[in-house]
Amino acid sequence: MLKKYKEIKNRYNIGCRFLNDAYNIESNIKSQEEINKNPFRSEIINFLLDSLDKSDTNYLEIGVRNPEDNFNKIISTKKVSVDPGIEFKTNPVDYKMTSDDFFNQIKNGKILRRDIKFDVIFIDGLHLADQVERDINNSLDYIQDYGFIVLHDCNPPTEFHSRESFSYYMSPAKYYWNGTTWKAFFKFRQNRELYSCCINSDWGVGVISKNIDLGKPTTILNPFYEYHVLDKNRNDSLNLIDYEVFKCKIRKD
Ligand SMILES: C[S@@+](CC[C@H](N)C(=O)[O-])C[C@H]1O[C@@H](n2cnc3c(N)ncnc32)[C@H](O)[C@@H]1O
């Protein structure tokens, strides 16, 4: 009986320690702050499509999950969706495959057209840096020169949100997960031939353009892609900007 009591007390103490832990409290606050930010990705993507002032637009979404969350909200004459169906079993998309397979099949002339160009490509598939880097490189081949590559989850509010393992829910970030997308975005922030910025909303909506000046490349050095270096130099590393400022940049151009 005493042993059982001690075991329950021990578990209770561990629970209290977890709940009162400073990292846990900070993560909860920062998750809540991020959830309260506006606008969401769909509004930003629709703004960009609309800014092109075209009667026909072509939109590609990599990683769709439940289309009700974003894909179905996007206003574009043509829309293409790609997802292997890992997180949403019904997976009602056009191409039930990984983004790598999708781009390979276009290159090999098996689907769509080899010379297809999209006006906006939204990258929101596997949130690990090497995959996101491949998604950006492939997207650069299939984006119109005046088009936009948009990336979700570029601004993780804590190191726990940017963990590699999606399913470790015991972390202070719980089930919130931005993965290591920021590392791929940061790599492209150093590219002098592209423009990029990150809208400070909805976990960081990164935008890359070949032609529209969205700001200068970063000169921040972070050779080991350390989270604490990102955190200390967040504004410059990501070119973090408010949505209203972003809209002015697009309209001015
Ligand atoms: C964060 S969800 C997408 C959310 C959606 N874009 C939205 O805005 O609500 C990530 C999706 O990426 C898909 N995914 C995982 N690995 C992928 C890959 N290699 N290529 C394409 N999609 C992938 C998952 O199946 C999942 O449905």
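The values are calculated or read from the model by the stated rules, or taken from the named source; none is laboratory data. Bear in mind that the values here come from a model prediction, so they are computed numbers and not experimental data. Positions of Cβ are backbone-derived with ideal geometry, glycine not excepted, and every protein chain shown enters the neighbour counts. Heads up: the accessible areas ignore ligands, DNA and RNA and are worked out on the full protein's heavy atoms, side chains in. Shrake-Rupley method; radii C 1.70, N 1.55, O 1.52, S 1.80 Å.
When Asn191, Asn155 are checked against the criterion of being outside any strand (DSSP E or B), open to solvent by less than 30 Å² (accessible area, probe 1.4 Å) and in contact (Cβ under 8 Å) with a residue 24 or more places away in the chain, Asn155 stands alone in meeting it. Whenever a residue of region 80-94 is at pLDDT 95 or above, its partners that are of a type outside the set (S, T, N, Q) and loosely packed, with under 15 Cβ neighbours inside 10 Å, lying with C-beta atoms within less than 6 angstrom and at least six residues away or across chains, give the pairs Gly85/Lys96; Asn91/Gly85.
For the subset of region 45-84 comprising residues that are part of a helix (DSSP H, G or I) and in contact with a Phe, Trp or Tyr (Cβ under 7 Å, 6 or more places away or on another chain), which member is surrounded by the fewest Cβ atoms within 10 Å (Cβ to Cβ)? Of everything passing the filter in region 45-84, Leu49 is surrounded by the fewest Cβ atoms within 10 Å (Cβ to Cβ).
Please tell me if Asp145 is of a type in the set (D, E, K, R), within 13 Å of the ligand (Cβ to nearest atom) and modelled with pLDDT of 95 or more. It is false that Asp145 is of a type in the set (D, E, K, R), within 13 Å of the ligand (Cβ to nearest atom) and modelled with pLDDT of 95 or more. Taken over region 113-125, the criterion of being of a type outside the set (Val, Ile, Thr), away from the ligand (no atom under 16 Å from the Cβ) and out of contact with any Leu (no Cβ under 6 Å at 6 or more places or on another chain) is satisfied by Arg113, Arg114, Asp115, Lys117.
Mind checking which residues of region 84-108 are of a type in the set (A, V, I, L, M, F, W, C) and closer than 16 Å to Ile121 by Cα? Hits for region 84-108 are Val93, Phe102, Phe103, Ile106. Can you find even one residue in region 203-217 that is touching a residue at least 24 places away in the same chain (Cβ under 8 Å) and more than 30 Å from Phe103 (Cβ to Cβ)? Checking region 203-217: not a single residue is touching a residue at least 24 places away in the same chain (Cβ under 8 Å) and more than 30 Å from Phe103 (Cβ to Cβ). Any residue in region 18-32 that is open to solvent by less than 100 Å² (accessible area, probe 1.4 Å) and part of a loop (DSSP other than H, G, I, E, B)? The answer is yes; a qualifying residue exists. Tell me yes or no: at least one residue of region 34-55 is more than 16 Å from the ligand (Cβ to nearest atom) and basic (Lys, Arg). Yes; the residues of region 34-55 include at least one that is more than 16 Å from the ligand (Cβ to nearest atom) and basic (Lys, Arg). Of all the residues that make up region 160-188, how many are open to solvent by 10 Å² or more (accessible area, probe 1.4 Å) and within 21 Å of Asn36 (Cβ to Cβ)? Looking only at that region, the number is 7. Taken over region 213-253, the criterion of being of a type in the set (A, V, I, L, M) and buried (at least 16 other Cβ atoms within 10 Å of the Cβ) is satisfied by Leu214, Ile220, Val229, Leu230, Leu238, Leu240, Ile241, Ile250. Taking region 85-98 as the range and being hydroxyl-bearing (Ser, Thr, Tyr) and open to solvent by 80 Å² or more (accessible area, probe 1.4 Å) as the test, only Thr90 passes. The number of residues in region 203-212 that are open to solvent by less than 10 Å² (accessible area, probe 1.4 Å) and either under 18 Å from Gly179 (Cβ atoms) or not hydroxyl-bearing (Ser, Thr, Tyr) (or both) comes to 5.
Surrounded by 15 or more Cβ atoms within 10 Å (Cβ to Cβ), under 24 Å from Pro156 (Cα atoms) and in contact (Cβ under 8 Å) with a residue 24 or more places away in the chain - does that describe any residue in region 99-115? The answer is yes, given that some residue of region 99-115 is surrounded by 15 or more Cβ atoms within 10 Å (Cβ to Cβ), under 24 Å from Pro156 (Cα atoms) and in contact (Cβ under 8 Å) with a residue 24 or more places away in the chain.
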